[in-house]
Amino acid sequence: MLLAIDFALLLEKLILVVVVVFASLGIAMYTTFAERKVAAILQDRRGPNRAGPFGLLQPLADGMKLFFKEEIIPNFSSKFLFVMGPALAMLTACMTSAVIPWGDKIDFFGRTVDLQIADVNIGILYVFGVVSLGVYGIMIGSWASNNKFSLMGGLRAASQIISYELAMGISLIALLMITGTLSLKEMVVQQQHGYWNVVLQPLGFLIFLVCAFAECNRTPFDLPEAENELIGGYHTEYSSMKLGFYLFSEYINMFVSSVVMATLFFGGYDIPFFDESVLSPNLAAILGIVALMTKVIAFIFLFMWVRWTIPRFRYDQLMHLGWRILIPLALFNMLATGGVILFFNK
Amino acid sequence: MQALTNKAKQVDRAPMSFIEKMYLPAIIKGMSITFSHIFKKKPTINYPEKTRPFSPVFRGMQILNRDAEGRENCTACGLCAVACPAEAITMEAAERQAGEENLYREEKYAAKYEINMLRCIFCGLCEEACPKDAIYLSETFTPADYQRKQFIYSKNDLLIPHPQENPEAYKKALGNRANKITVN
C-alpha cells in the first residue's frame, strides 16, 4: 500500500504549501508596511522612509523589535491558554489559504502541477469553517488574560463575528445558487467563460464586502481592539512576538479575505477581457497569478482606504447594521436570486 | 439671532432620508475626499537630508571673531557681559605678553570667555554692544547634548577657525551673516 502513494504528488503539494504559507507571511509583512505608508499618504504625510530604500526594510525592523521585546505572561493568567490564543489565531489564519486556486495548471518538466493545494469540492465551506474558528484564538487569548478590557474585546469580537457571519453566509448562498458549486476552482473556471460574479450579484458582493470588514476586525468595525475604549482590546496583556502573532494573523486574515473576495466575485486568476487559452499554459498560469495578485492588492488597498476614511461604529450601531439591515438584505437578495433563476430556467 | 459672520450654517435636524440612511453615498463621498489627498503636496521636509533655510536675520550660536591675520578681536572689555539680559556671558581678562602679537590684536585679551547656552536667549545684544566686532551670532544653532555642563561653551567652542591655517572652515563659520559686519 505504501508504494501506491504518489510521492511526487506529496512533494509537489509540500512545496506548494511551503510557498503559499511563506508568501502569505511575506505579504502580511509588507501589508503592515503598506498600511503605514497608505495611512501616511492619505494624510499628507510621508510614512516610514528611514529603514532601507523607501523604508522597505521597515517590516523587518518591526519584526526584530517584536522579537527582542520582553515577553510578559501575567501571573494571574491561565498560562497554557494564554500561549495558545495567538498560536490558534495564527494557525487558522494560515490554514484558509489551502483551498484557494492561485492560478491555472502549470507545466513543470512534463508534469502538470495544479496551483492549488487542495481542490476540495466543499472549498468555500472549508474557508468559512476555518474563518469561524479564528475567533477562538481571540476569545481564548482574551479569556486567558484575566483582564476585563481583554475580556470585553473578546466578547465583542465573538458577538460581532457571529452576527456578521450570518449575513455573509446568506449572501454567499445566493452566489452558490448561481454557480451551483462549492469548489473555488470550479467557480473561477465558470467566471472565465461567463461574467464575473460581481456583475450577477452586486448586492451580494456589497454585503459580503461589509461582512468581510467585520470578520477581519477592520475599521469601521474594529471594536474588539478599540484603542480609546479598551486599551488594546483582546491583546491588552500581550507583548513581544505573541502580540506580533495577533497583529500578524489579522493581516493574514485581511490578505486571505481579499483573495476569497477576488476569487468569488472578481474571477480569481481570470484576466478580464482576454482569452487565456491562446497563450501557452505556463505563461497563462503566471499571468493568472499576476492578475489575482493585482486584484488582491486592490482589495487590500480598499481595506486601508476605508480604515483611514470611516470612523468606528458604536456597538449598538454595529449590531443594528448586522442584524436589522444586512441579514434582511441578504435574505432579500437570496430570494430575488432564487426567483430570477426559477423564472429563466422554467 | 443676527449672525456675526456669513459663515454660520443652520444645523439640519430633519430626519435622514432613505438615501442618507443607506450611508453609501456619504461613504463614497468621504472616500473620494481621502483619495484626493494622495495627490496633494506633502508639507514634510526630510530633515537631516534637507533643511529649511534660515531667515537672513536668524540669530544662532555666538562666534568669537578673528581678524584677517587670525588674531582674536576680543579685548575682554566686558561690554557684552553687561549688555547681556540673561547674564549668560562671563570672562576673565589678561594682558598680552611680548611675542603674542600674532595671537591677540590688542594689548588686552580674554583669557577665559564663557557663554552659558542654556541661559542665552539669542537676543543679539552682545553683538550690538561689542565695539571690536569680536562677537556675532552665526546661522547655526546650538547642538543638543546629554549634560547641562556641556552647554557652558568655552573659548574653544566659540572661536572661529583660523583664517589662514583653515580658510575653508573659517569661511563656513563666517557664513552670510558676517558679510554684513565690517571685518576690519
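Where a number appears in this text, it was derived from the coordinates with a stated rule and is not lab data. Note that the structure is a prediction, hence the values are computed from the model and not measured. Because the Cβ atoms are built from the backbone with ideal geometry, glycine has one as well, and the counts that use them run over all protein chains shown.
In the range A:53-157, Cα pairs under 8 Å separated by at least six residues give a relative contact order of 31 percent. Calculated over the range A:245-346, the projected area of the Cα convex hull averaged across directions stands at 10.5 nm².
Identify which of A:278, A:18, A:131 has the largest mean-square fluctuation in a Gaussian network model of chain A, with springs joining Cα atoms closer than 10 Å. Comparing A:278, A:18, A:131 in a Gaussian network model of chain A, the most mobile one is A:278.
Placing +1 on the Cβ of every Lys and Arg and -1 on the Cβ of every Asp and Glu, with nothing else charged, gives chain B a dipole about its Cα centre of roughly 1600 debye.
Can you show me the helix-derived [θ] at 222 nm for chain A, built from DSSP H runs with n ≥ 4 at -39,500 (n - 2.57) apiece and divided by the number of residues, rounded to the nearest 500.
Working: 13 runs with 227 residues, N = 346.
Value at 222 nm, helices only: -22000 deg cm²/dmol.
Note on chain B: GNM, Cα springs under 10 Å; of B:22, B:117, B:61, the largest mean-square fluctuation is that of B:22.
Neighbours of residue A:161, meaning other residues whose beta-carbon lies under 15 angstrom from its beta-carbon, give a summed charge of -3 when Lys and Arg score +1 and Asp and Glu score -1.
For chain B, the longest principal axis of the C-alpha atoms and the axis of helix B:24-36 are separated by about 20°.
Here the average projected area of the convex hull drawn through the C-alpha atoms of the range B:1-96 stands at 16.9 nm².
In whole angstrom, note down how far apart the Cα centers of the range B:77-111 and the range B:12-58 are. With the range B:77-111 and the range B:12-58 each reduced to a Cα centre, they are spaced 57 Å.
First check a/c for the range A:43-157, with a ≥ b ≥ c the square roots of the eigenvalues of its C-alpha gyration tensor; if it is under 1.5, answer rounded, and if not, answer prolate when a/b is larger than b/c or oblate otherwise. Display every interim value, and only then the final one.
Details: a/c = 2.38, a/b = 1.28, b/c = 1.87.
Because a/c hits 1.5 or more and a/b fails to exceed b/c, the range A:43-157 counts as oblate.
A simple charge model with +1 on the Cβ of Lys and Arg, -1 on the Cβ of Asp and Glu and nothing else charged puts the dipole of the range A:1-135 at about 580 debye relative to its Cα centre. Averaged over peptide B:41-48, the number of partner chain Cβ atoms lying within 10 Å of each residue's Cβ comes to 3.
Quick check: from the Cα gyration tensor, does the range A:76-120 come out rounded (a/c under 1.5), prolate or oblate?
Prolate is the answer for the range A:76-120, as a/c is 1.5 or above and a/b outweighs b/c.
The aspartates and glutamates whose alpha-carbon is closer than 16 Å to the alpha-carbon of residue B:42, local same-chain residues fewer than 8 away aside, are A:44.
Under a point-charge model restricted to the Cβ atoms of Lys and Arg (+1) and Asp and Glu (-1), what is the dipole moment magnitude of the protein assembly as shown relative to its Cα centre, in debye to the nearest 20? Can you show the working numbers first?
Numbers: 48 positive and 46 negative charges, 255 e Å.
So the magnitude is around 1220 debye.
Taken over chain A, lysine pairs spaced eight or more positions apart, or on distinct chains, with alpha carbons under 27 Å apart number 18.
Order by neighbour count: A:234, B:113, B:104, fewest other Cβ atoms within 10 Å first, most last.
B:104, B:113, A:234
Can you give the relative contact order of chain A as a percent, counting alpha carbon pairs under 8 Å and 6+ residues apart?
Reported as a whole number, the value is 23 percent.
Straight-line cross-link partners of residue B:132 among the lysines, defined as a Cα under 18 Å from its Cα and at least 8 positions apart when in the same chain: B:108, B:112, B:155, B:180. For the range A:130-281, the Cα-based Rg and Dmax, in that order, read 18.3, 60 Å.
Hey, how much of the P(r) for the range B:62-180 falls beyond 24 Å, as a percent of Cα pairs? Roughly 23 percent, rounded to a whole number. Translational diffusion of the protein assembly as shown, estimated by Stokes-Einstein from the Kirkwood radius over alpha carbon pairs at 4 °C in a medium of 1.567 mPa s, is 45 µm² per second.
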